[in-house]
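Each remark here refers to the structure printed beneath this line.
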Amino acid sequence: MLRLTCPVCGATGEETEFHAGGEAHLKRFGPGSTDEDFRDYLFQRQNPRGVHFERWRHQYGCGKWFHVARCTQTLEVFGSYTAQTSTVPDHIQSAIKARRPDWEPAQ
Amino acid sequence: MKRYSAFAIAREAFRHHTGWERAWRSPQPKAEYDVVIVGAGGHGLATAYYLAKNHGITNVAVVEKGWLGGGNTGRNTTIIRSNYLQPSSMAIFEKSRGLYEDLSQDLNYNIMFSPRGVMMLAQTEHELRAWKRTAHANRIAGIESEMVTPQQIQEMIPIIQTAGPRYPVLGGLWQARGGSARHDAVAWGYARAASNMGVDIIQQCEVIGVDRDASGVTGIQTTKGAIRTKKLCIVVAGNSGVLADMAGFKLPVESVALQALVSEPIKPALDCVVMANTVHGYMSQSDKGEMVIGGGADSFNNYTQRGSFHHLEETVRALIETFPMVSRLKMLRHWGGIVDMTGDRSPIIGTTPVPGVFINCGWGTGGFKAIPGSGWATAEMLADGAPRALAAPFALDRFTQGRMIDESVAAAVAH
């Protein structure tokens, strides 16, 4: 069972309180983009066995979207952070490095 | 290979069963193979079998990081049906169901195929309309399926409650020649028959890297050393993303956990497979008497082979309304498998951006029923270097072209 903390309202709850929103930090492509870029935006996913950045919504709480860094192999949560960013904040990166020294951010 | 037969049982009975052979060889990997298949689940083993049987290609290795049939092949709820909506899905799933019909004879291994019938319940008006549309599509494609009324369902399945206030049964799509089979036996049967024709099945051999040069794939690195090959086929279900990453391309796939559970064994009470897609609940009774129940998939990426408890609770809570007797059953075991969900919830069989690397993945929550047809189509592709008619619609480039195979809308859930 996952326990997540919402960085907006600060509440900690188990997963039924939240709604999973898929991979985080996708670059959005729309009209005028190439077919490959549009496919990458819509369908291609990192799907790693290990550190994964993803979007969650505090559905039965404050209702806000936020980001979570989580390990898909152990379900360990490294931390949650604001949705208003397109990069992984430094304190989350160091929290992951502390637990997974071999981990490198994906390009 | 000694053939299994009634005579063989009698012969062995007279000599204290000392003459049985191992079902398949366990060789060390050779330095080079014509084809290397990663993943000894049902789809990988079926591919190897049809490569050898239909195309005469026997210099083949199937490498497996764990044990044969230990992934989703051994974790599913063994439902076999082909009443899909889209022509390309109907073609491959009906090919598959047809192959299941005489697979025991073909493999000389009893896979316990039981065409007991599959009932897909319609529990909303939308579902009722969708099933009617599917029934017409099936009729045009020559697949035997028909709509049945709640009264007929009540007669066929006495333990069902059709008048439930929240999930009433409004009708059903009945496929009489659908059913189930023993999942382990499907993997073991294919392994035995393929091994007998010269295919090397190498277990406990994890792929740790894919070698390639400018012209394409040249081999793989494994925990049992390097293996050279010009044709590599990735058939690893939930781990497809990890293998694709090693080979150097991305897939439109996400891996999530799907769960199932079985009850204590009871006397025969349910003689067909029932699917309730609205509530994500599937139920059938095994030959041992256990109720085999399949649930819904988790919504977040997961490689742990454990699912969330609340999904089981939702599945069982909804099933209890349709089958009140389930509330008195004790559940014995529950487990999870990692399924690879594609963007359109239909599988991928095709070439990849890396020359010489082929992929068969994305069967999501419905791969068991497709094992023979998928193996057949993938073997054709590996033999020719390009997919034939059965596999062609499932190519990877459909996501670039926007040519989706929209089954998830048809089935209300992913298969």
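The values are calculated or read from the model by the stated rules, or taken from the named source; none is laboratory data. Keep in mind the model is a prediction, meaning the values are calculated, not measured. Using ideal geometry, Cβ is built from the backbone for each residue, glycine included, and neighbour counts are taken over all protein chains shown. To get the accessible areas, we keep the full protein, side chains included, count just its heavy atoms, and leave off ligands, DNA and RNA. Shrake-Rupley method; radii C 1.70, N 1.55, O 1.52, S 1.80 Å.
Some points to look at:
- Taking the criterion of being closer than 15 Å to A:Glu15 by Cβ, outside any strand (DSSP E or B), in contact with a helix residue (DSSP H, G or I) (Cβ under 9 Å, 6 or more places away or on another chain) and open to solvent by 10 Å² or more (accessible area, probe 1.4 Å), the residues of region B:270-314 that qualify are B:His310, B:Glu314.
- In the set (1) over 23 Å from the mean Cα position of the chain (by Cα); (2) within 14 Å of another protein chain (Cβ to nearest Cβ), the condition left unmet by B:Ile348 is number (1).
- Restricting the search to helices (runs of 4 or more DSSP H) fully inside region B:80-155 and requiring at least 2 residues that are polar (S, T, N, Q), buried (at least 21 other Cβ atoms within 10 Å of the Cβ) and under 22 Å from the mean Cα position of the chain (by Cα) gives B:87-101, B:125-141.
- Given (1) surrounded by 12 or more Cβ atoms within 10 Å (Cβ to Cβ); (2) without any contact (Cβ under 8 Å) to a residue 12 or more places away in the chain, index of the condition A:Ala95 fails: (2)
- Some residue of region B:257-265 being open to solvent by 10 Å² or more (accessible area, probe 1.4 Å), touching a residue at least 12 places away in the same chain (Cβ under 8 Å) and not in a strand (DSSP E or B): no
- If you check B:Gly289, B:Gly336 for being at pLDDT 90 or above and away from chain A (no Cβ under 14 Å), only one passes: B:Gly289.
- Enumeration of residues in region B:225-269 that are of a type in the set (S, T, N, Q) and either facing another protein chain (nearest Cβ under 8 Å) or under 21 Å from the mean Cα position of the chain (by Cα) (or both): B:Asn239, B:Ser240, B:Ser255, B:Gln259
- Within region B:1-20, considering residues that are aromatic (Phe, Trp, Tyr) and farther than 22 Å from B:Gly69 by Cα, the one least open to solvent (accessible area, probe 1.4 Å): B:Phe7
- In region A:67-85, the residues that are of a type outside the set (Asp, Glu) and within 14 Å of chain B (Cβ to nearest Cβ): A:His67, A:Val68, A:Ala69, A:Arg70, A:Cys71, A:Thr72, A:Gln73, A:Thr74, A:Leu75, A:Val77, A:Ser80
- Selection status of B:Ala23, open to solvent by 20 Å² or more (accessible area, probe 1.4 Å) and part of a helix (DSSP H, G or I): no
- Test for B:Thr47: is it open to solvent by less than 10 Å² (accessible area, probe 1.4 Å) and assigned to a helix (DSSP H, G or I): yes
- A single entry from B:Met112, B:Met156 fulfils the requirement of being in contact (Cβ under 8 Å) with a residue 60 or more places away in the chain and at positive phi: B:Met112.
For every residue, the table says whether it meets (1) of a type in the set (Phe, Trp, Tyr); (2) modelled with pLDDT under 95.
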residue	(1), (2)
B:Ala318	no, yes
B:Thr342	no, yes
B:Pro355	no, no
B:Trp376	yes, no
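- Count - residues of region A:25-49 that are more than 7 Å from chain B (Cβ to nearest Cβ) and farther than 25 Å from B:Asn239 by Cα: 7
- The residue that is most open to solvent (accessible area, probe 1.4 Å), counting only those in region B:202-224 that are more than 14 Å from every other protein chain (Cβ to nearest Cβ) and of a type in the set (Asp, Glu), is B:Asp213.
- Residue check for A:Arg100: of a type in the set (Lys, Arg), more than 12 Å from every other protein chain (Cβ to nearest Cβ) and either open to solvent by less than 80 Å² (accessible area, probe 1.4 Å) or on the phi > 0 side of the Ramachandran plot (or both): yes
- Checklist (1) more than 11 Å from chain B (Cβ to nearest Cβ); (2) surrounded by 15 or more Cβ atoms within 10 Å (Cβ to Cβ); (3) closer than 18 Å to A:Thr87 by Cα; (4) more than 12 Å from the chain's Cα centre (by Cα) applied to A:Thr5, failing item: (3)
- Lone unmet requirement of (1) within 17 Å of B:Asn302 (Cα to Cα); (2) within 8 Å of chain B (Cβ to nearest Cβ); (3) surrounded by 15 or more Cβ atoms within 10 Å (Cβ to Cβ) for A:Gly22: (3)
- Condition met for B:Ala392 (more than 22 Å from B:Gly74 (Cβ to Cβ) and either within 12 Å of chain A (Cβ to nearest Cβ) or touching a Phe, Trp or Tyr at 6+ places or on another chain (Cβ under 6 Å) (or both)): no
- Residue in region B:319-327 that is free of Cβ contacts under 8 Å to residues at least 60 places away in the same chain, outside any loop (DSSP other than H, G, I, E, B), surrounded by 18 or more Cβ atoms within 10 Å (Cβ to Cβ) and away from chain A (no Cβ under 14 Å) present: yes
So that you can scan it fast, the table gives a plain yes or no per residue for (1) modelled with pLDDT of 95 or more; (2) closer than 12 Å to B:Tyr84 by Cα:
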| residue | (1), (2) |
| --- | --- |
| B:Glu125 | no, no |
| B:Ala137 | yes, yes |
| B:Ala141 | yes, yes |
| B:Ser145 | yes, yes |
| B:Val148 | yes, no |
| B:Gln151 | yes, no |
| B:Glu155 | yes, no |
| B:Gln161 | no, no |
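- The residue that is surrounded by the most Cβ atoms within 10 Å (Cβ to Cβ), among those in region B:367-409 that are of a type in the set (A, V, I, L, M) and touching a Lys or Arg at 6+ places or on another chain (Cβ under 8 Å), is B:Ala377.
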